[in-house]
Amino acid sequence: MRNKHFAVILILVLSIIISGCAQATEIPPTAVPADTKEPPTAVPEVADTEVPPTTPPEPTATNAPPTATSLPEGVLFRDDFEGSLQPGWVWENENPDLWSITDDGWLQIIGEDDGLLGNNYQNNLLWHSLPEGEFVITVHLKAKPFANFHQATIYIYEDPENYIAINRGYCDICETGGGGFYMEYKINNQWGAYQKAIDAEDVYLRLESKENILSGFYATEAGEWERLGRFGNYFQFSEVGIGVTNLGAEETLVGLFDFFEISLP
């Protein structure tokens, strides 16, 4: 009986030992360290693509540099006196204090005492070359001559013995009895003159060389030309000029030129 109890006790002890060993050798689950967790699925990286620099657009008509306006057919030279003188002019005896271009586009010349036709000398004469052969010279001017012998003039001049001039002037001892248009010429020492009384201050003057005839015209309205005089058999002049003179008068004449043009007949 003792042996039986001993056997039972032995069996119970062995069972307890075996159970404890099983518990001691059980391996608990291993936690995955934070830095070894599998990362989330990454978005594929796009390779850098080099972006070429932006090329500026080609210039268009709106941003291209301005170009000079071409002259109408038959016009050889024109100056509207906008801001500055056009290339081609040459000053003779320039007095810069007595000429200017106004803000509204007029060449202003203030007269002095000397006159080209009386003294063979004059300040602020503005010259331009003439073409060979036929030509037309036209100016639009404003002037109010009121004393002997105020003149705002177109000159074709070679020397004291060879010249042609047409002007808006004043001469109270002439047939006009005061203000008028005057055309004078001297060719090979042969002198002649034409005149027309007028009081208008806003006028047009023209000299035309055509078929060996030189004609002078005036107008008080654009395009309404009246012939002042004409003559023929003159030699070829090379220059045309414009100017303003008091020609000895105590009072000063101011001449304003709106435009000057050389064209073909």
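No value in this document is a laboratory result; all are computed from the given coordinates. The structure presented is a predicted model; accordingly, all values stated were derived computationally and were not measured. Cβ: placed from backbone, ideal geometry, glycine included. Neighbour counts: every protein chain shown.
Annotations for the structure displayed:
- When the alpha-carbon atoms of the range 83-145 are used, the pair Rg, Dmax equals 13.3, 36 angstrom.
- Sites Glu250 and Ser70, calculated FRET efficiency, Cβ-Cβ separation with R0 51 Å, nearest 0.05: 0.65
- Placing unit charges on each Cβ (+1 for Lys and Arg, -1 for Asp and Glu) gives the range 88-263 a dipole about its Cα centre, and among Asn233, His140, Asn188 the Cα reaching farthest toward its positive end belongs to Asn233.
- A simple spin-label model places the labels of Asp113 and Glu224 4.0 nm from each other, with each point 7 Å out along Cα-to-Cβ.
- Rough spin-label spacing in nm, given labels placed 7 Å along Cα→Cβ, for Ile173 and Glu158: 3.0 nm
- Across the range 88-263, the mean sequence separation of Cα contacts (distance under 8 Å, 6 or more residues apart), normalised by length, yields a relative contact order of 33 percent.
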